[in-house]
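The values are calculated or read from the model by the stated rules, or taken from the named source; none is laboratory data. Source: prediction; values computed, not measured. When we count neighbours, we look across all protein chains shown, and the Cβ atoms used for this are built from the backbone with ideal geometry, even at glycine.
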Ligand code: NAP
């Protein structure tokens, strides 16, 4: 039997705990605040920003949304991120993707100080993660993968984990987080030879490729735990993951659905990060 993870319920549980932490901060006169810079009018980004706002409202985090219009250069986006980062009332800063053509996240995210980099956009945060620094934030999606595995009480130490995808926002940080939990980690990507055989080694399989139905029954080791991070829009306006859920049901022991798996947990993790950043800032001031 395959247990389908309920990401929405996990997110509600996390939001309840986060709201209590936010109350404590507010009682000390601190309003935990997230600033979201939105540099395009992309419809998917607008949808995601609304879900961040809903999650912030549930948690008691103040969420500022700063939109920038027109053709934008890297320096303009980086300049605005730097301004937002300098505001002492702002505890976390994120730059919503996609970015305008010719702009890449590591170069603009590099201006967000690591302490306020709640979605791990600064390459220094990824470096800190690789070095095992406890005070850096992983990108929220990668951290959500670990939050789900923790919630489902999946043992990781000594187990074989495979991550499909090596982006700096999901694949690499997810692999680093699994490694920090003492899993034996393989990262697969578009040049990997015999993806099926590599995936079949996985007791824990994390897929973040953005390729619908990339993973089928033949990729799954019996009883594997499968975390599907992929989200691709369909012609009908829905979202599908990278895993053929119908095909792997009955083989995997645990599966995250799309939608309703990693996505809701991602925004809940983001709020946790803002609260941690606010609490740390209060301690250090
Ligand atoms: P990305 O930057 O496009 O990276 C995709 C990765 O998948 C690359 O490393 C690529 O390999 C690899 N890949 C592509 N096709 C492959 C194939 N046929 N076989 C093996 N590997 C393949 O995407 P991303 O930003 O990491 O996002 C990945 C997915 O997660 C997307 O669907 C995205 O929408 C979703 N996502 C979901 C959330 C959430 O909250 N649920 C958040 C962020 C992203 P190469 O490096 O060799 O090109």
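Tabulated data
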| item | result |
| --- | --- |
| Residue in region 1-8 that is more than 20 Å from residue 90 (Cβ to Cβ), in a helix (DSSP H, G or I) and outside the structural domain of residue 62 (by TED's automatic domain parsing) present | yes |
| Residue within region 167-181 that is outside any loop (DSSP other than H, G, I, E, B) and within 12 Å of residue 225 (Cβ to Cβ) present | yes |
| Candidates 149, 178, 195, 156, filtered to the one that is in contact with a strand residue (DSSP E or B) (Cβ under 9 Å, 6 or more places away or on another chain) and within 12 Å of the ligand (Cβ to nearest atom) | 195 |
| Residue ranges of helices (runs of 4 or more DSSP H) in region 74-156 with at least 2 members touching a residue at least 24 places away in the same chain (Cβ under 8 Å), in contact with a helix residue (DSSP H, G or I) (Cβ under 6 Å, 6 or more places away or on another chain) and under 20 Å from residue 63 (Cβ atoms) | 74-86, 140-151 |
| Hey, residue 222 surrounded by fewer than 20 Cβ atoms within 10 Å (Cβ to Cβ), near the ligand (Cβ under 9 Å from one of its atoms) and assigned by TED's automatic domain parsing to the domain that holds residue 183 or not | no |
| Hits in region 201-219 - residues which are under 13 Å from residue 247 (Cα atoms) and buried (at least 24 other Cβ atoms within 10 Å of the Cβ) | 215, 219 |
| Any hit, region 31-46, residues being touching a helix residue (DSSP H, G or I) at 6+ places or on another chain (Cβ under 7 Å), part of a loop (DSSP other than H, G, I, E, B) and in contact (Cβ under 8 Å) with a residue 12 or more places away in the chain | yes |
| Within region 228-259, considering residues that are more than 10 Å from the ligand (Cβ to nearest atom) and either surrounded by 23 or more Cβ atoms within 10 Å (Cβ to Cβ) or not assigned by TED's automatic domain parsing to the domain that holds residue 212 (or both), the one nearest to residue 203 (Cα to Cα) | 252 |
